[in-house]
Amino acid sequence: MTITYLGHASLHIEFDEISIIVDPFISGNPLAAAIDVDELDADYILVTHAHQDHILDVEKIAKNNGAMIISNYEIAAHYSNKKFNTFGMNHGGTYKTQAFSAKYVNAIHTSSFPDGSYGGQPGGFVLTVKGKSIYIAGDTALTYDMKLIPLQTKLDLAILPIGDTFTMGVEDAVLASDFVACNKVLGYHYDSFPPITIDHDEAKQKFSNEKKELILLEIGGTLKV
Ligand code: NI
Ligand code: MN
């Protein structure tokens with residue numbers, strides 16, 4: 001699969017003829033000004049939780065593409081009430097197709113919609129495509145629940161928040177990489193706002209000190225798994 005970083009916690013994942021967008025927050029992110037939301041194609045939109053910086057462009061992309069929104073039960077119900085095509089599940093559940101599976105796993109965070117209404121409990125996804133698996137942590141603190149993932153899934157990449165303040169910071173993400181048993185980490189959820197600005201070189205050094213790799217993509221940059 002090819003993973004394109006769209007800034008903040010937004011990802012575009014492509015394999016075969018399938019296109020998945022994760023947590024689209026693009027039109028509200030000045031750093032992602034080069035990305036045109038209307039040009040993004042999507043068959044599915046994965047939503048980890050209901051915060052504005054994860055759902056801002058969900059409706060636009062879903063409308064443009066007729067994409068299915070996959071999330072927790074409450075977020076799926078919210079979009080289903082607005083006549084979008086959705087699949088709602090809860091923690092531990094997996095959306096399965098011939099081409100991929102997406103399991104909704106635990107995160108420690110909160111999940112209200114921008115108007116304050118309940119957005120269910122937040123989560124992350126373990127996405128498996130043709131024997132390759134990636135962990136998309138979503139917004140989360142370091143949590144022992146991460147240790148459950150490698151009991152069932154050998155990860156090829158862990159996508160972890162590293163910006164601190166609203167999620168784990170770099171030190172905790174290094175431990176999270178241990179917990180999920182994956183030494184190859186793509187960092188996200190950093191630099192978008194002043195409280196989550198990080199020193200890139202220092203962050204990479206902290207991972208390499210533990211014989212781990214931290215990848216920080218330019219917005220629009222891609223990574224193959
Ligand atoms: Ni959040
Ligand atoms: Mn966030």
### Query
With Cβ to Cβ distances under 10 Å as the rule, what net charge do the other residues near residue 6 carry (K, R +1; D, E -1)?
-2
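Which percent of the accessible heavy-atom area of the chain goes to carbon and sulfur, probe 1.4 angstrom? Working shown, then result.
Numbers: 4750 of 9710 Å².
Result for the chain: 49 percent of the exposed heavy-atom area is carbon or sulfur.
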### Query
Can you list the lysines whose alpha carbon is less than 16 Å from that of residue 103, not counting same-chain residues fewer than 8 positions off?
130, 132, 147, 154
### Task
Any chance you could give the angle, 0 to 90 degrees and rounded to 10, that helix 170-179 forms with the longest Cα principal axis of the chain?
80 degrees
### Summary
As a Kirkwood estimate from alpha-carbon pairs, the range 107-150 has a hydrodynamic radius in angstrom of 11.9 Å
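Could you please report the charge total around residue 126, scoring K, R as +1 and D, E as -1 over all other residues with beta-carbon less than 14 angstrom from its beta-carbon?
Details: positive: 96, 103, 132, 147, 154; negative: 145, 156.
So the environment of residue 126 carries a net charge of +3.
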### Query
For the range 2-217, what relative contact order do you get, as a whole percent, if you take Cα pairs closer than 8 Å and at least 6 residues apart?
13 percent
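Based on alpha-carbon positions alone, could you give the equivalent ellipsoid semi-axes of the chain from the gyration tensor, as √(5λ), descending, whole Å?
Values: eigenvalues 119, 73, 61 Å².
For the chain, the ellipsoid semi-axes come out as 24, 19, 17 Å.
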### Query
Could you give the accessible area per residue of the chain, probe 1.4 Å, as a whole number in Å²?
43 Å²
### Query
For the range 101-184, what class follows from the C-alpha gyration tensor (a ≥ b ≥ c being the square roots of its eigenvalues): rounded when a/c is under 1.5, otherwise prolate if a/b is larger than b/c, else oblate?
oblate
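In the chain, what percentage of the DSSP-assigned beta bridges are antiparallel, given to the nearest 5? Write out the running numbers ahead of the final one.
Numbers: 28 of 48 bridges.
Counting only bridges with both partners in the chain, antiparallel ones make up about 60 percent.
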### Task
Give a residue-ordered list of calculated ³J(HN,Hα) values for the range 128-137 (Karplus: 6.51 cos²θ - 1.76 cosθ + 1.60, θ = phi - 60°; whole Hz; x for Gly, Pro).
10, 10, 6, x, 9, 10, 10, 9, 9, 5
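The values are calculated or read from the model by the stated rules, or taken from the named source; none is laboratory data. Fair warning: this is a prediction, and the values are worked out from it, not measured in the lab. For neighbour counting, all protein chains shown are included, and Cβ atoms are generated from backbone atoms with ideal geometry for every residue, glycine included. We work out accessible area using only protein heavy atoms, side chains counted, and drop any ligands, DNA or RNA first. Shrake-Rupley method; radii C 1.70, N 1.55, O 1.52, S 1.80 Å.
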